[in-house]
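Laboratory data are not the source of any read-out in this text; all were calculated from the coordinates shown. Just so it is clear, the model here is predicted, and its values are computed rather than measured. Glycine also receives a Cβ, built like all others from the backbone with ideal geometry; neighbour counts cover every protein chain displayed.
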Amino acid sequence: MATLSPKQIEQVARLARIEVSPQKLPKVANEVNSIVCFVDSLQVVDTTGIVVTSQVTGLQDVWREDVVKDCQISRDDLLANAPEVQDGYIKVKKVL
Amino acid sequence: MADLAYLSIAQAHEALQSGKVTCVELTQYYLDRIKKHDESIGAVLTLCSDTALEAAQKVDEKIQAGKDMGLLEGIPYTAKDMFLTAGVRTTAASKILDAFIPPYSATVIDKLNSAGAILIAKVNQDEFAHGGSTENSAYQITHNPWNTEYVPGGSSGGSAAAVAADFGIFSLGTDTGGSIRQPAAYCGVTGLKPTYGLVSRYGVVAMASSFDCIGPITRSAEDATLVLNAIQGRDVMDSTTIESTENHQSSKDLKIGVVKELMNDSRYSEALKAINGLGKKNDVTLPDGDMALAVYYVLVSSEISSNLERYDGIRYGSRNDSATNLEQTYSLTRAEFLGPEVQRRILTGTYALSSGYYDAYYKKAMQVRTLITQEFAQIFADCDVIVTPTTLEPAFKIGSKSDPVEMYKTDILTVSANLAGVPAISIPAGIDEKTGLPLGLQIIAAQGNDAQVLAVAEAFQKTTEWHKKVEEIIQ
């Protein structure tokens with residue numbers, strides 16, 4: 001049975017870009033572990049030679065004409081939901 | 001003015017066309033009803049009074065000009081807050097979208113708008129549709145209109161409660177593992193999860209893309225058919241959509257697979273009698289529910305961890321302002337504004353997809369998904385539809401399920417339809433004597449046989465009265 005240590009949860013949280021405080025780590029680890037233990041029941045199923053199902057429609061290579069259409073929404077309207085905007089651009093904190 | 005309580009689409013259409021009621025009066029009836037009862041139900045997140053009354057006014061002008069109207073024209077409805085609505089706040093019940101005003105609408109909202117239906121409110125749900133009780137909403141608890149101590153189910157709990165409380169004639173919900181059918185069962189209404197791909201998801205907040213389906217919650221199968229007809233079909237903006245299928249009429253030699261070990265329950269004995277009259281029964285067994293749930297929670301959490309990457313505080317949505325660099329903007333924003341269940345699922349999915357665990361979880365679950373889909377194909381080789389209870393028990397009390405895995409198990413009979421992409425409906429089929437709460441019956445068919453599911457549900461409702469019981473709960 002797989003169980004994740006608080007340290008592993010910390011690593012997963014970093015990958016997921018979610019800050020988990022040290023105080024919360026044990027509780028979060030417990031909860032994620034209870035889910036992981038639950039889904040571990042899959043391991044008993046023999047899946048030798050079974051293909052995977054990643055989608056159920058069977059659709060393949062859905063194409064449409066590559067036609068340019070005018071966007072009905074103005075730049076200002078598109079930017080209206082951004083938390084911070086400057087000179088018509090989205091502003092972010094420094095990257096490095 | 002005519003009695004407007006619990007109108008069907010056809011009844012409302014007739015009342016409007018014949019001038020028994022104006023569309024403004026009809027719309028106002030629902031707005032008043034929300035005002036009077038929503039304090040105790042808590043279904044509504046955003047009310048659209050002004051735009052609804054304006055649209056109603058236009059419908060009235062058309063009627064006065066003597067023009068014929070489409071069936072959905074002037075029909076007031078509500079939509080789960082997962083559907084983008086241009087100019088109307090859309091939160092997915094998350095604080096991370098607290099102030100989000102979409103610049104465009106979902107295809108289904110546009111289609112209903114073109115058909116003349118009137119959106120009167122955006123309704124509550126579990127945050128990002130992660131849950132089975134609507135208790136995971138970041139805004140409010142929604143109460144079951146049958147008994148306000150109980151949950152309405154989820155994640156489309158606001159939609160089911162709104163339809164049960166007559167806050168509109170129908171509602172739109174989303175169903176990833178049972179989120180239309182389970183709340184429909186808990187609230188004594190009808191909820192349809194169509195075949196995967198039948199209804200466009202463009203402009204609907206994504207949860208798990210290989211499962212998510214959109215469908216109507218109504219008070220009858222007849223109304224569900226009318227709404228589905230208006231929203232289904234190929235959409236160039238959603239490349240997973242399929243062509244709508246031809247009507248599949250219910251025939252006399254209908255073969256009904258009954259899940260005996262679940263239906264041999266005294267609470268469903270009357271429903272079973274009604275089923276006897278619909279066709280020839282044979283016994284079937286559903287794919288293992290625990291296994292289906294395990295597959296579901298691996299794949300859904302994985303898809304969630306990927307789909308929810310977009311909530312990063314950059315292009316839209318809430319942002320934590322104490323960050324000093326970009327990476328902190330992401331991690332502090334997501335920690336502050338995503339709820340606990342959403343974070344749990346993202347972390348579980350990130351783990352399942354991470355290097356070294358992919359084969360053990362994600363790949364394994366996709367293989368077991370194949371086995372479950374094959375089991376359905378075998379069942380449908382011998383029968384046209386399967387009937388089973390929608391849930392093992394009726395609605396539970398608010399606050400009574402604090403363990404996430406316990407909550408997941410309320411979807412044990414509904415998830416397998418999502419794994420296989422097949423259509424399924426929940427209709428009222430009894431009352432639990434102990435609690436006085438409604439019980440749902442689920443009807444499942446093979447992919448593309450949505451009309452078959454609806455026809456059987458409609459035939460059931462022609463000979464039974466359980467779907468009418470909801471009319472007695474709020475006077």
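Brief remarks on what is shown
- Members of A:Lys7/B:Lys397; A:Lys93/B:Lys95; B:Lys58/B:Lys111; B:Lys67/B:Lys111; B:Lys193/B:Lys281; B:Lys273/B:Lys434 lying beyond 25 Å, as alpha-carbon distances in this model show: A:Lys7/B:Lys397
- Taking amide H atoms as placed 1.01 Å from N in the peptide plane, the amide H of B:Ile118 lies under 5 Å from those of B:Gly74, B:Ile75, B:Tyr77, each 5 or more residues away in sequence or on another chain.
- For the range B:344-376 and the range B:296-312, distance of Cα centres in Å: 12
- Global form of the range B:125-229, assessed from the alpha-carbon gyration tensor, a/c cut-off 1.5: oblate
- Gyration tensor verdict on the protein assembly as shown (Cα atoms; rounded if a/c is under 1.5, prolate if a/b is larger than b/c, oblate otherwise): oblate
- A:Val62, A:Val32, B:Val405 arranged by Cβ crowding within 10 Å, fewest neighbours leading: A:Val62, B:Val405, A:Val32
- Coupling constants for the range B:109-116 follow from the phi torsions by the Karplus curve (6.51 cos²θ - 1.76 cosθ + 1.60, θ = phi - 60°), and in residue order they are 5, 4, 5, 5, 4, 5, 6, x Hz; glycine and proline get x.
- Volume of the Cα convex hull of chain A, divided per residue and given in Å³: 261
- Neighbourhood charge, 14 Å Cβ-Cβ cut-off, centred on A:Arg75 and excluding it, Lys, Arg +1 and Asp, Glu -1: -3
- Here the Karplus relation 6.51 cos²θ - 1.76 cosθ + 1.60, evaluated at θ = phi - 60°, turns the backbone of the range A:52-66 into coupling constants of 8, 10, 10, 7, 10, 8, x, 5, 9, 6, 7, 10, 9, 4, 8 Hz, with x for every Gly and Pro.
- In plain terms, chain A is cut at each of the GluC sites (Glu not before Pro) found in a DSSP loop with at most 15 other Cβ atoms within 10 Å, and the longest leftover piece is A:1-64.
- Placing dummy labels 7 Å off each Cα toward the beta-carbon, the span from B:Ser402 to B:Tyr357 is 2.5 nm.
- Computed 3J(HN,Hα) for the range B:140-154, one whole-Hz value per residue from the Karplus formula 6.51 cos²θ - 1.76 cosθ + 1.60 where θ = phi - 60°, is 7, 8, 9, 9, 6, x, 6, 6, 6, 7, 9, 6, x, x, x, glycine and proline marked x.
- The range A:39-82: C-alpha gyration tensor shape, a/c 1.5 cut-off, then a/b vs b/c: oblate
- Amide proton proximity set for B:Phe170, modelled H, under 5 Å, gap of 5+: B:Thr78
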